[in-house]
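Have a look at the structure below before the remarks.
The values are calculated or read from the model by the stated rules, or taken from the named source; none is laboratory data. The structure displayed is predicted, hence computed values, not measured ones. With ideal geometry, Cβ positions are generated from the backbone for all residues, glycine too; neighbour counts draw on all protein chains shown. What goes into the accessible areas is simple: the full protein's heavy atoms, side chains included, and nothing from ligands, DNA or RNA. Shrake-Rupley method; radii C 1.70, N 1.55, O 1.52, S 1.80 Å.
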Amino acid sequence: MITKAGVSDNKINWSIIQQHQKRRVADSDHSKTTERKQLLELLRMLLTENESELLAALHKDLGKSAEEAYASELAVLLQEIDFMKRHLNNWQQPKKKHQIKLGSMSKTTVEHHPYGSILVISPWNYPLQLALMPVIGALAVGNSCFIKPSEFAPETAKLLAKLIETYFSPDVLVVVNGDSSVATELLELPWDFIFFTGSKKVGTIVHRAAANKQIPVVLELGGKNPCIVDETNLTKAVVQRIIWGKFLNAGQSCIAPDTIYVHQTIYLQFLQMAVEQIKLFYGLHPLEKATIGRMPYEKQYEKIVDFLKQGSIYYGGNVDAEQKRIEPTILIDITARSPILYEEIFGPILPVIPYTNLSKLVNELKRLDDPLVTYVFSKNKKNGEYIKDKLRSGAFSLNQVILHAISSDSSFGGVGASGFGRYHGSASLDVFSYERTVYTNLLPFNIQKQYPPYQSNDLNLLRKWRRWLF
Ligand code: NAD
């Protein structure tokens, strides 16, 4: 609970909020690039010096293997820090424009300014990466951040709070732990920007709260990412990519291929190859392995178990109720109108659905909410282009899964129901700052015709000289 005095379990108080507000004014200073790079370096040290503790917390929360946790959480953060440090100076330079017009001889520069204090609300599935990724961009351009991590990855959240308190001054970066009631109270505070990653349902609440106070917001939401495999490109490598991308983090990735649509002519072959690949990755008894990921809480586990009943299990289907784990499962013959056909799965179940006519399939997919990404596996350029042009999504990835989202060179975000606003790399520098036009007049005298009272011919003169006046 937050009281007027602060968040009790983290001793946050209003004076820290005020400090953040002061920083908003102070840190518009562009000469502070070195200081900001030092903050990024501090974040790098936090990650590298505490790597094993962080990996252990991620394992406790979600059963992630050290390799998977390092690659999908720590490594992407370190890459992003490197990118920011390399590009910050160039990006920070104000863009100059000179205007020599009769009516407005001026010098104009467009500067990037930090918003001020930023609230980051993050989910449980990549609890470290998604709490810190926005922070990297936000600190790089001079903001301060409050992070509210998910209560459903408590070990990571607690460790993050402890480490950030050790490494950072609270006027720069603070972690506030708590459940949805804490998040609700945080939304009452006067933030300058809110960055939310999570479900569509909570995203809508956050959007509404931000709108009430005219606070700019980014919503990184979920979706049902289709993965279409046409008849031209079924190889071992393709199946390996799809199975890896789907079952990474026990299927709990916002950009996981949600459902596979396979051309009828290769349907059975795909299923057999997918089963072989699952065995190769996870063995014959995946639940005996400690590194098979788990669902974070009972309701989520039950929701995924319920999906298992909405079709025929082709492979897998065993569950471990005590540990809230489900083995990688392939589901076929999905019952018509089942929720698994339109709800985001977010678990280790892979529905495989055959199709015969591509344009009919595309028309059916158009009826679903816009996802974060559309995946296509094809050697037929026309098919790829057709799907890319007909379906809306935050990203389009041809012949690969997941990797489009881990590069700082490309922006990440959704469209429509999967959210709005983009970040990663230079998109983060843009999104966490606002452009401010700085105009300096260079004309020492006034053109009298600009000012009232106007004469009868002035409108004609304005029309005639418009191009040279403005
Ligand atoms: P969630 O929306 O339940 O929770 C996200 C955060 O919001 C948590 O910190 C939670 O405490 C907080 N919250 C809960 N109630 C709130 C309220 N009333 N007001 C303000 N904040 C509140 O999401 P989740 O279950 O943690 O995450 C899963 C969802 O996130 C999936 O839909 C997934 O696709 C999506 N996701 C999206 C991305 C992306 O980058 N687009 C990444 C990861 C996950």
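Pairing residues of the stretch 439-465 that are not assigned by TED's automatic domain parsing to the domain that holds Lys107 with residues that are outside any loop (DSSP other than H, G, I, E, B) and open to solvent by 100 Å² or more (accessible area, probe 1.4 Å), at Cβ distances under 7 Å and at least 6 apart in sequence or on separate chains, gives Asp458/Lys449; Leu461/Lys449.
Pick from the stretch 417-452 the residues that are over 27 Å from Ser117 (Cβ atoms) and aromatic (Phe, Trp, Tyr): which of them is surrounded by the fewest Cβ atoms within 10 Å (Cβ to Cβ)? That would be Phe445.
Can you find a residue in the stretch 194-216 that is within 11 Å of the ligand (Cβ to nearest atom), over 29 Å from Phe396 (Cβ atoms), open to solvent by 40 Å² or more (accessible area, probe 1.4 Å) and modelled with pLDDT of 95 or more? Give the steps one after another, and end with the answer.
Residues of the stretch 194-216 that are within 11 Å of the ligand (Cβ to nearest atom), as a first pass: 194-210.
Those left that are additionally over 29 Å from Phe396 (Cβ atoms): 205, 208-209.
Next cut, open to solvent by 40 Å² or more (accessible area, probe 1.4 Å) only: 205, 208.
Among the residues that remain, those that are also modelled with pLDDT of 95 or more are: 205, 208.
Yes, the stretch 194-216 contains a residue that is within 11 Å of the ligand (Cβ to nearest atom), over 29 Å from Phe396 (Cβ atoms), open to solvent by 40 Å² or more (accessible area, probe 1.4 Å) and modelled with pLDDT of 95 or more.
Listed by first and then second residue, the pairs linking a residue in the stretch 141-156 that is at positive phi to a residue that is open to solvent by less than 10 Å² (accessible area, probe 1.4 Å), with Cβ atoms under 7 Å apart and 6 or more places separating them unless they lie on different chains, are Gly142/Asp27; Gly142/Arg36; Gly142/Pro114.
In this structure, is Leu403 within 16 Å of the ligand (Cβ to nearest atom), surrounded by fewer than 21 Cβ atoms within 10 Å (Cβ to Cβ) and in the same structural domain as Ile266 (by TED's automatic domain parsing)?
Values: within 16 Å of the ligand (Cβ to nearest atom): yes; surrounded by fewer than 21 Cβ atoms within 10 Å (Cβ to Cβ): yes; in the same structural domain as Ile266 (by TED's automatic domain parsing): yes.
Criteria met by Leu403.
Looking only at the stretch 60-74, residues that are within 18 Å of Leu132 (Cα to Cα), open to solvent by 20 Å² or more (accessible area, probe 1.4 Å) and free of Cβ contacts under 8 Å to residues at least 60 places away in the same chain come to 2 in all.
Candidates in the stretch 295-316 are the residues that are assigned to a loop (DSSP other than H, G, I, E, B) and touching a helix residue (DSSP H, G or I) at 6+ places or on another chain (Cβ under 6 Å); of these, the one that is nearest to Ala256 (Cα to Cα) is Met295.
Restricting the stretch 369-400 to residues that are among the aliphatic types (A, V, I, L, M) and within 12 Å of the ligand (Cβ to nearest atom), which is surrounded by the fewest Cβ atoms within 10 Å (Cβ to Cβ)?
Filtering the stretch 369-400 for residues among the aliphatic types (A, V, I, L, M) gives 372-373, 376, 387, 391, 395, 398.
Keeping just the survivors that are within 12 Å of the ligand (Cβ to nearest atom) gives 372-373, 395.
On the way: Leu372: 28, Val373: 25, Ala395: 21.
In this case the residue turns out to be Ala395.
In this entry, Gly251 passes the filter for residues that are within 13 Å of the ligand (Cβ to nearest atom), among the small types (Gly, Ala, Ser) and in contact with a strand residue (DSSP E or B) (Cβ under 8 Å, 6 or more places away or on another chain). Set side by side, the residues Gly137, Gly142, Gly222 differ, and just one is within 12 Å of the ligand (Cβ to nearest atom) and surrounded by 24 or more Cβ atoms within 10 Å (Cβ to Cβ), which is Gly222. Determine if the stretch 381-390 includes at least one residue that is outside any helix (DSSP H, G or I) and over 15 Å from the mean Cα position of the chain (by Cα). Checked against the condition, which is being outside any helix (DSSP H, G or I) and over 15 Å from the mean Cα position of the chain (by Cα), the stretch 381-390 yields no hits at all.
I'd like to check something: does the stretch 179-188 contain any residue that is more than 9 Å from the ligand (Cβ to nearest atom) and touching a helix residue (DSSP H, G or I) at 6+ places or on another chain (Cβ under 9 Å)? Among the residues of the stretch 179-188, at least one is more than 9 Å from the ligand (Cβ to nearest atom) and touching a helix residue (DSSP H, G or I) at 6+ places or on another chain (Cβ under 9 Å), which makes the answer yes.
Any idea which residue in the stretch 326-344 is most open to solvent (accessible area, probe 1.4 Å), counting only those that are part of a loop (DSSP other than H, G, I, E, B) and within 16 Å of the ligand (Cβ to nearest atom)? Outline the logic, then answer.
Just the residues of the stretch 326-344 that are part of a loop (DSSP other than H, G, I, E, B), to begin with: 327-328, 333-338, 342-344.
Going one step further and asking which of them are within 16 Å of the ligand (Cβ to nearest atom), we end up with 342-344.
Values: Tyr342: 131, Glu343: 71, Glu344: 59 Å².
Once the filter is applied, the top-ranked residue is Tyr342.
Here's the yes/no breakdown for (1) within 16 Å of the ligand (Cβ to nearest atom); (2) among the polar types (S, T, N, Q); (3) in contact (Cβ under 8 Å) with a residue 40 or more places away in the chain:
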residue	(1), (2), (3)
Thr232	no, yes, yes
Thr235	no, yes, no
Leu271	no, no, yes
Ile278	no, no, yes
Gly293	yes, no, yes
Tyr301	yes, no, no
Ser312	no, yes, no
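Starting from residues that are open to solvent by 10 Å² or more (accessible area, probe 1.4 Å) and of a type in the set (Gly, Ala, Ser), keep the ones in the stretch 75-112 and report whichever is modelled with the highest pLDDT. My answer is Ala75.
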